[in-house]
Amino acid sequence: MKKLIAAVIFLVVVTVFSCSSDDPAGSSTGDDSEYYPLSVGNVWVYGRSGSIAAGGVQIGTISGEIEVEITGTATHSEGFDVFIQEHSISDTTVIYSQTFITDSTFTEYMRTTDSGLFGYPHLTDTDSSFTVPFPLQEGATWTFSEEPPTTGEILSMSVVVAVMAGSFDECMEMRTVWNDSGMILTNTTDFAKNVGDVRNVFVLTADTMTTTVTNSLETYSLN
């Protein structure tokens, strides 16, 4: 049980969202790129809240914050330019009587082309770890990882989302599903034009445990 709890906390911390655009790191793709407004200096701040259940009974809570900032650009080993996207995460997880305070950071590298959005965990990866093909169309499905199996789907192009940062119409809602050795992680993310990711809900099922966390946009500053 302790190992499973540790795994859940780890995935709660590192599982986030990705967004990109048509700045110097990629080509413009019309309206599609408006869902990924990426420029150096852009900052998004998200509040996090959630719960952990075992066997259908709640055993814990999660609260915290994520700050995402575009800090610059870099050149990938394959020769193309990417945006440097920094994530700073602060979480408080309470399970039974134990409190876990986690502060962490990580970096990912994003670019767009006429074909879509691509994310990389390192500047030397030849395969993208995150892919959203263009054009964005309701009902579109794709697979961007065979091992572990990871699939994506555009659920809607007209969702209305209300969060602390405001109310956003005609959001694109995307779902990704990741399945690895009995752990199933489902992310449902809403993107607003010229804002980016405004809400993300992920549900992690591992053995008898279910963890649900919602990231909601609180403030943002775009260049």
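Derivation of every value follows stated rules applied to the coordinates shown; laboratory data play no part. Only a predicted model underlies this, so the values are computations on that prediction, with no experimental measurement involved. Heads up, the Cβs are rebuilt from the backbone with ideal geometry, glycines too, and the neighbour counts pull from every protein chain shown.
Details
- Structure-based [θ]222 nm, the chain - -39500 (n - 2.57) summed over DSSP H runs of at least 4, per residue, nearest 500: -2000 deg cm²/dmol
- Whether region 81-137 is rounded, prolate or oblate, judged on the alpha carbon gyration tensor where a/c under 1.5 counts as rounded: prolate
- A Gaussian network model of the chain, with springs between Cα atoms under 10 Å, assigns the largest mean-square fluctuation among MET164, MET174, MET110 to MET164.
- Among VAL161, VAL198, the ranking by other beta carbons within 10 Å of each residue's beta carbon, starting with the fewest, stands as VAL161, VAL198.
- A Cβ-based charge dipole, computed about the Cα centre of the chain with Lys and Arg at +1 and Asp and Glu at -1, lands at about 840 debye.
- Positive end of the dipole of region 2-221 (Cβ unit charges, origin at the Cα centre): among PRO135, THR102, SER88, the Cα lying farthest that way belongs to THR102.
- Gyration tensor verdict on region 161-223 (Cα atoms; rounded if a/c is under 1.5, prolate if a/b is larger than b/c, oblate otherwise): prolate
- Shape call, region 101-223: gyration tensor on alpha carbons, a/c limit 1.5: rounded
- Entry for P(r) over Cα pairs in 10 Å bins from 0, in percent (calculated from the structure that is shown) out of (1) 8, 33, 38, 18, 3, 0; (2) 8, 34, 34, 18, 5, 0; (3) 7, 28, 29, 22, 11, 2, 0: (1)
- Relative contact order for the chain, counting Cα pairs under 8 Å that sit 6 or more residues apart, in percent: 21
- Degrees, to the nearest 10: 2-14 long Cα axis against longest axis of the chain: 30
- J(HN,Hα) series, region 132-148, from Karplus relation 6.51 cos²θ - 1.76 cosθ + 1.60, nearest Hz, glycine and proline x: 10, x, 9, x, 6, 9, 4, x, 5, 10, 7, 10, 10, 7, 8, 9, x
- In the chain, a dipole from Cβ-located charges (positive for Lys and Arg, negative for Asp and Glu) runs towards its positive end, and of THR124, VAL43, GLY60 it is GLY60 whose Cα lies farthest in that direction.
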